[in-house]
Structures are given as structure tokens and as C-alpha cells.
Amino acid sequence: MQSDDERAICQKYAGRIQAYGLRHLRDRSAAQDLVQLVLLSVLQALRAERVEDPTRLDAYVLGTCRNAVMDMRRGDARQRRLAEQSGAGLPAGYEPAWLEVDRARLEQCLRGLESRDRAVVLQTFLEDRDADEIGRTLNLTAGNVRVIRHRALARLQACVEGAAA
């Protein structure tokens with residue numbers, strides 16, 4: 001398959017896939033993720049000649065959308081279940097011992113983060129902004145913000161605990 005053909009397929013179906021995602025997922029960033037996921041899957045299937053009838057590509061794309069949305073919903077439900085289970089084990093009113101935190105070390109570790117990572121962490125905890133808001137200001141998807149925040153917090157923890165300088 002030629003790159004021009006692939007580009008034409010992406011242009012033809014991207015809007016339809018996003019509309020399907022908005023309708024069924026009701027979240028703009030999830031719909032954008034769906035577009036990428038479905039187009040990648042469709043292009044890989046076309047390259048590997050797994051599409052039985054390329055003249056019925058509309059139906060193949062729609063079926064791929066349906067399956068991807070079901071997978072995304074299953075993943076979201078699983079994440080919520082795990083969060084509820086892990087949150088159930090925490091004592092009510094847990095407060096960390098802030099007197100034991102080495103603030104100078106924390107500030108040094110924060111300065112050691114890449115600027116985008118530091119911006120995500122600071123906007124999350126100092127400005128109390130959610131992933132959607134941060135994503136809009138930094139031109140990222142909410143999912144990408146969550147990944148960046150997760151990795152940045154892991155690096156911060158390792159740095160503060162002395163595992164990495």
C-alpha cells in the first residue's frame with residue numbers, strides 16, 4: 001500500500017471515527033485516541049492483507065471502531081475497579097508526615113525535571129488543575145498528561161529518596 005493511499009484513507013475516515021468516538025465515549029480526548037487507535041489498526045490490517053474485501057472498508061472501519069470502544073470501556077471500568085479496591089485499604093484522613101519531608105531536596109529534584117514534566121506536576125498539585133485543563137494549556141491529550149505526571153512523580157520519588165540525583 002502506498003503512503004498516498006494511506007494518507008487518503010486517514011483523511012477520509014478520521015472525521016467519521018472521531019464523530020463515532022464522541023458519540024459513544026462522550027470525551028474529546030478519548031475520541032482522539034480512538035481515531036489514532038482505529039486508523040493504526042486499519043492501516044496495519046491493510047498492509048498485512050487481513051481485510052477480506054477492501055471495497056467494504058467502511059464496514060471494516062466501523063467494526064474496528066466498535067471493538068476499540070468496547071476495549072476502551074472495559075479498560076476504564078477495570079481502572080475504576082482497581083482504584084476503588086486500592087482506595088478501600090487506605091485509612092480515612094491519612095496525612096503524610098510533612099515534617100519529615102526534605103523540602104530543599106524536593107525543590108532540587110523538581111528543578112531537575114524536564115520543563116514539561118515540572119509544569120504538569122506543578123499545575124496538578126499547586127494549581128489543583130485536572131488532566132484536561134493541563135492538556136489544553138500544554139497542547140496535550142489528557143491521557144498524555146496522566147502518563148507524563150505518573151512518570152514525573154516516579155522520578156521525583158526516586159530523586160527525593162536518593163536513588164537518583
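Every number here is computed from the coordinates shown, using simple stated rules; none is lab data. Worth saying up front: this structure is predicted, and the values here are computed from it rather than measured. Cβ coordinates were reconstructed from backbone atoms using ideal geometry, including for glycine residues, and neighbour counts include every protein chain displayed.
Listed values, structure above:
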| item | result |
| --- | --- |
| Length added when fully stretched, ARG73-ASP4, from 0.36 nm per residue minus Cα-Cα | 21.6 nm |
| Estimated 222 nm signal from helices in the chain, with DSSP H stretches of n ≥ 4 weighted -39500 (n - 2.57), rounded to 500 | -25000 deg cm²/dmol |
| Helix 103-112 vs. the chain, principal-axis angle (Cα, 0 to 90°, nearest 10) | 30 |
| Whole-percent pair-distance distribution, where bins are 10 Å wide, for the alpha carbons of the chain | 9, 26, 27, 20, 13, 5, 0 |
| Magnitude of the charge dipole, the chain, Cβ model with Lys/Arg +1 and Asp/Glu -1, debye to 20 | 260 |
| Length added when fully stretched, LEU126-ASN139, from 0.36 nm per residue minus Cα-Cα | 2.7 nm |
| Separation in nanometres of the label points that stand 7 Å from Cα toward Cβ, at LEU82 and LEU106 | 2.7 |
| Cysteines without a disulfide-compatible partner [the chain; Cβ-Cβ under 4.7 Å] | CYS10, CYS65 |
| Angle in degrees between helix 28-47 and the longest Cα principal axis of the chain, rounded to the nearest 10 | 50 |
| Between helix 57-88 and the chain: long-axis angle, C-alpha atoms, 0 to 90°, nearest 10 | 20 |
| Protection proxy ranking, peptides 134-140, 49-55, 37-43, 104-110, average beta carbon neighbours within 10 Å, highest first | 37-43, 134-140, 104-110, 49-55 |
| Coordinate range along principal axes, alpha carbons of region 98-160, Å, largest first | 34, 18, 15 |
| Separation in nanometres of the label points that stand 7 Å from Cα toward Cβ, at ASP58 and LYS12 | 1.0 |
